[in-house]
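One structure is given here, and the rest of the page talks about it.
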There are 2 protein chains.
Amino acid sequence: MTQMRTMQPSDDLYPTRNGGEVRMLPRREPVLHGRDAEGPLDAETLARLERDGFWIAENLLSLAEVEALTDALEAWREEPLGDVSDGVIRERGSREQRSLFALHQRDDALGAVMRHPRLVGAARQILGGDVYVHQSRLNLKPAFGGAGFSWHSDFETWHAEDGMPRMRALSASVLLTENHAWNGPLMLIPGSHHHFVTSPAVTPPDHYQASLVEQSIGTPSNDALRALFADAGRIELALGGPGTVIFFECNTMHASTANLSPLPRKNLFVCYNAVDNALVGPFGASRPRPGFLASRDFTPIR
Amino acid sequence: MTQMRTMQPSDDLYPTRNGGEVRMLPRREPVLHGRDAEGPLDAETLARLERDGFWIAENLLSLAEVEALTDALEAWREEPLGDVSDGVIRERGSREQRSLFALHQRDDALGAVMRHPRLVGAARQILGGDVYVHQSRLNLKPAFGGAGFSWHSDFETWHAEDGMPRMRALSASVLLTENHAWNGPLMLIPGSHHHFVTSPAVTPPDHYQASLVEQSIGTPSNDALRALFADAGRIELALGGPGTVIFFECNTMHASTANLSPLPRKNLFVCYNAVDNALVGPFGASRPRPGFLASRDFTPIR
């Protein structure tokens, strides 16, 4: 895919998946790309995002909006969907749906949430200009054993496997069910987005087919996690009710445990990237991932 | 082991592991066996235990007491200990120590905590008379992936595999490290101890060798968990610092998730049984488990 790459290897600020040693590299760009940009976020919220790498906006969407999303998702889930080529990832044991990708390309109601003024407005304000949706997904984390997610930075994968050049992307996780401390909520290490942890393992072909069930390549070493945790002094759980939105920076280290409870944990994710940070060829994989994981339609959304 | 059984099969109030259907049977005995017994617990604490099946006593042990325990455990852990026949259970993947059993038989400092007046006093008060230690263990839940524990009632196993006739036992879990919401704390379903959930699967020989790594037989059905949860309306996390003690009734349904964090979660468990409730032959297994899991020394402790 070299024809896609417009950058030289020397432009790679975050070399990873190259068989080298684990390293912690400093972040090379700001967290707030549009500090003076207009938008819905106040100075305190922006400062918190810059410091911690995330913030939680309680009840950002109304219950009516959440209900419309849930209805759309239920209708969509009832379609006879197949396998990973359709953007459907299943749990290893139970074969229950674990993640559904590229929702915004399939459904008007789901597409509409990506254009929700409070979501896209926040993304534009933080990323400093026009944005597009790099990825959207629903993580279902079923009751009674929906598996967790290993520690990872989204950016490490998006850089290595998708060709995202810089840290200029933001995820918004819309909670569709209550996220309790006991049904596998998102856990984040505050401040971890200031460091890039390299992952030495070379990316195998079609790695996403395994990594979306359980990721092991592109995850940080235990030593790196210890260092990030020592800086932070804590891990934070992102809890909240339906309609709450967790915004987190593309390089914030996060994970979650399995859901042992009787209540599923359904979160919708919209991952915004700056149009000026559009994908090139992958920096640490032989070919890019499919479009349902990494869109190459860079049309700005408003 | 019929020579051990002094009860008739018709005396089995809690039939389980018998190939039948999943049933929820009512609890047949009180939670507080010594309501008028003297002891360290006040009326409010007793009422809470009766209602919820557990309570959390913050900082019951001093930090000096915790330190003495930790030192004794570290010394003990450095011994070249082997396998399950030594009471050492290892994690499936990493082979790290997961649980160490029968600590009170091996070490004076660990034996002393079992006789701590605030622990044994609470057990005597609740269980209504003389008690002995049915089982003691350390659950280590190592950092970076120490596995969780499936939902279970201790009593279901103690009845089926050890021959404990009635629900007249109490566990005290002494926290040796901080139990955060993010390092795999104990989760409990309040009020679940009022019901006995039968487990139809027949107990295989030497079941404990598998169940102590990951339990699948003797665990409740999803429908039963849903019913217990619907009654409770919530799951509670038992959190606290070193020296905090979680007391929970032998039939309270509990579980915990894996520990993904860099901080191990080390909890010491002392399981008291009433001397008047001493073991007979197992009610749902072909032979009883070894003594390090189920002591048959019923000498009262004071």
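The values are calculated or read from the model by the stated rules, or taken from the named source; none is laboratory data. Note that this is a predicted model, so its numbers are computed, not measured. We place every Cβ from the backbone using ideal geometry, glycine too, and count neighbours over all the protein chains shown. With ligands, DNA and RNA removed, areas are computed over all heavy atoms of the protein, side chains included. Shrake-Rupley method; radii C 1.70, N 1.55, O 1.52, S 1.80 Å.
Side notes on the structure shown:
- Inter-site label distance for A:Asp276 and B:Glu67 at 7 Å from Cα along Cβ, in nm: 5.5 nm
- Contact residues in the range A:113-159 by the 50 Å² criterion (accessible area, 1.4 Å probe, full protein complex versus chain alone): A:Phe144.
- Divide the volume of the convex hull around the Cα atoms of the range B:13-114 by the residue count and you get 212 Å³ per residue.
- Counting Lys and Arg as +1 and Asp and Glu as -1 over every other residue whose Cβ lies under 9 Å from the Cβ of B:Arg17, the net charge comes to -2.
- Average beta-carbon neighbours from other chains, 10 Å sphere, peptide B:253-265: 4
- For the range A:225-269, the set of trypsin sites (Lys or Arg not before Pro) satisfying both a DSSP loop assignment and a count of at most 15 other C-beta atoms within 10 Å is given as A:Arg234.
- Assigned charges on the beta-carbon of Lys, Arg, Asp, Glu; chain B dipole about Cα centre (debye): 480 debye
- For A:Ala75, inter-copy label distances in nm, listed shortest first [label point 7 Å out on the Cα-Cβ vector]: 7.0
- Computed E for A:Arg234/B:Asp11 - FRET, C-beta separation, R0 45 angstrom, nearest 0.05: 0.30
- What the phi angles of the range A:209-219 give under the Karplus curve with 6.51, -1.76 and 1.60, with θ = phi - 60°, is a coupling list of 5, 8, 5, 7, 8, 7, 8, 10, 9, x, 9 Hz, glycine and proline written as x.
- Candidates A:Asp162, A:Asp107, A:Asp52: whichever shows maximal mean-square fluctuation once chain A is modelled as a Gaussian network with Cα springs under 10 Å: A:Asp107
- With the helix formula -39500 (n - 2.57) applied to DSSP H stretches of n ≥ 4, chain A reaches a computed 222 nm mean residue ellipticity of -6000 deg cm²/dmol.
- Label distances, nm, A:Arg51 versus same residue in remaining copies, Cβ-directed 7 Å point: 3.8
- Backbone phi angles across the range B:107-120, fed through the Karplus curve with coefficients 6.51, -1.76 and 1.60 (θ = phi - 60°), yield HN-Hα couplings of 9, 5, 5, 6, x, 5, 5, 5, 9, 4, x, 7, 7, 5 Hz in residue order; Gly and Pro are listed as x.
- Amide H contacts of A:Gly240 (H built 1.01 Å from N, under 5 Å, at least 5 apart or other chain): A:Asn179
- Close amide H pairs (under 5 Å, H built 1.01 Å from N) link B:Ala169 with B:Cys250, residues at least 5 positions away or on another chain.
- Chain A, relative contact order in percent, only Cα pairs under 8 angstrom and at least six apart counted: 34 percent
- Cut-off 11 Å between beta-carbons: net charge of the residues surrounding A:Met167, Lys and Arg +1, Asp and Glu -1: 0
- Position B:Arg115: other-copy label points at 7.6 nm, ordered by increasing distance, label point 7 Å along Cα→C-beta.
- Furthest towards positive pole of dipole, A:Met167, B:Ser216, B:Gly146, structure part the protein assembly as shown, Cβ charges: B:Ser216
- Within the protein assembly as shown: Cβ-based charge dipole about Cα centre, in debye rounded to nearest 20 (Lys, Arg +1; Asp, Glu -1): 620 debye
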